[in-house]
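The block underneath contains the structure these notes are about, expressed in structure tokens.
None of the figures in this text is laboratory data; all of them are computed from the coordinates on show. Only a predicted model underlies this, so the values are computations on that prediction, with no experimental measurement involved. Here the Cβ positions follow ideal geometry from the backbone for every residue, glycine too, while neighbour counts run over all protein chains shown.
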Amino acid sequence: MTSPFVTAPTLADDKKTYGRLELNLVRNRKQDHTALLDQAAASFDYARCRDSYWNPEPFSLCYGTPIWDQASPSQRVILNQLYWVAYYSQIISAEVATIFFNQTSAAGLYAVEDFRIVCDTLDLESMQERAHINAFKKISDETEHALFGKRIFSYAMRGPYDETMVHGDTDRLRAAWKQLQLRTFGMLSSGNAFIACQYFTVRGLRTLNGKIVQHQLSHFYARHPDQANAPVPSAVSYYHFQDESYHFNSSMLISKDVLGSLAPPTPFERMVANLALRGCQKDHFHFSAAINGIFWYDPSVYAAVLEVLMSKHFGLDRRGALELMERSFCHETDGAVASRDTHTTARESYKKYLDDGLGYVSRANREMAVMSKSTLEGHLAANRAAMRSFAAAA
């Protein structure tokens, strides 16, 4: 309740927005899947679901490429499972960052009247993200240990200042610059209510991209004829999607409606907001023939794919594996086209998100000018140039 000493408009005065925030928090608490995720992670045994698909077939590693086309039925099962491992290993990175920036953003709102409900929402979501990470990591680690005896797509835990895009187009210098930017944004968001709220514009875009794929992944469990005996990873995909649906609602409310209770942004605040959105565009510039729905830079995945193809499960020698990779990554394939189409869908969805009531967003961000420069022709040209270097060094 607002103090009687407060005379300026507060969040509680916007009864429509406050009511929507309250309803979203109540519903998220009621449907919270943390206990189910913890139970699923604890019960996971790779041997019990090693022969099953965990996702719809199109969501398999290198689906629609010669790697997939010539794979045997048992190899296709592994490629399907590795998509799950790779996809949710990327989500771990994103959710580590989300937990941190939820906290810095909540700190930035402490000094604003009536914002407890926003902070309570973020506390619940951060707790849920920790459960998500635990389930994803346990399943991914145990799967790769069973298949390869070492990590391929999984990794040791990482901090919030590491590159969010696990397989991006980067190098040491750019990674160090990105860390500095993230540290600066964390500091600013912890002491500025507008920048704290604006973080959820970026989070909304990233979650929107996730919803495009995760909705389809959740169908595998939702439509499974025998859910009690469905593969545990597919149940985890479903539980995660249910939680994330409410997280997306929070991002929408905080990044759009809640801003109406704050003063208009200063020129500096506008600049920071637009730099963050441009950074999101750069992170999401590429698309990947290896994994549809995660905007990885294919050349950075070459080493992992080579490891898979030369493993005992595929049995290719180095020359055969590199030839197959060249055919899969350096030529137009159904897989590359499907990933390009997902990228286009995401880009157009981002435009719609930013076109609704966010007057501070620059034209270049509103039109997704950076992402719009990503083309299939450019994708293939970059893959070919990198493949020549990779093959020569491999």
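One decimal place: the segment THR184-LYS150 gains 8.7 nm when fully extended, by the rule 0.36 nm per residue minus the C-alpha distance. Between SER93, SER218, SER261, the Gaussian network model of the chain with springs among Cα atoms under 10 angstrom shows the greatest mean-square fluctuation at SER261. Using only Cα atoms, locate the centre of segment 160-217 and the centre of segment 303-325, then give the distance between them in Å, rounded to an integer. The two parts, judged by their Cα centres, are 33 Å apart. Peptide packing for 221-232, 143-154, 270-281, 197-208 was compared via the average number of neighbouring C-beta atoms within 10 Å per residue; ordered from the highest value, the list is 197-208, 270-281, 143-154, 221-232.
Ranked by the mean number of other Cβ atoms within 10 Å per residue, highest first, peptides 383-389, 74-80 order as 74-80, 383-389.
Annotation: lysines with alpha-carbon distance below 26 angstrom to LYS351 (same-chain offsets under eight excluded): LYS16, LYS178, LYS211, LYS256, LYS282, LYS373. Our summary gives segment 11-393 a relative contact order of 22 percent, counting only alpha carbon pairs under 8 angstrom and 6 or more residues apart. Counted by neighbouring Cβ atoms within 10 Å, the residues HIS132, HIS313 run from fewest to most as HIS313, HIS132.
Classified by the C-alpha gyration tensor, segment 115-172 has an oblate form. Its axis ratio a/c, with a ≥ b ≥ c, is 1.5 or above, and a/b does not exceed b/c. Highest average first, the peptides 61-71, 343-353 ordered by how many other beta carbon atoms sit within 10 Å of their residues are 61-71, 343-353. List the residues of segment 198-214 whose backbone N lies under 20 Å from a point placed 7 Å from the Cα of GLN31 along the Cα-to-Cβ direction. Residues 204-214 qualify, since their backbone N sits under 20 Å from the label point. In this simple spin-label approximation, CYS119 and THR345 carry label points 7 Å from Cα along the Cα→Cβ vector, and these lie 3.9 nm apart. With a cut-off of 18 Å on the backbone N, the residues of segment 121-138 near the modelled label site 7 Å out from ASP38 along Cα-Cβ are 123-138.
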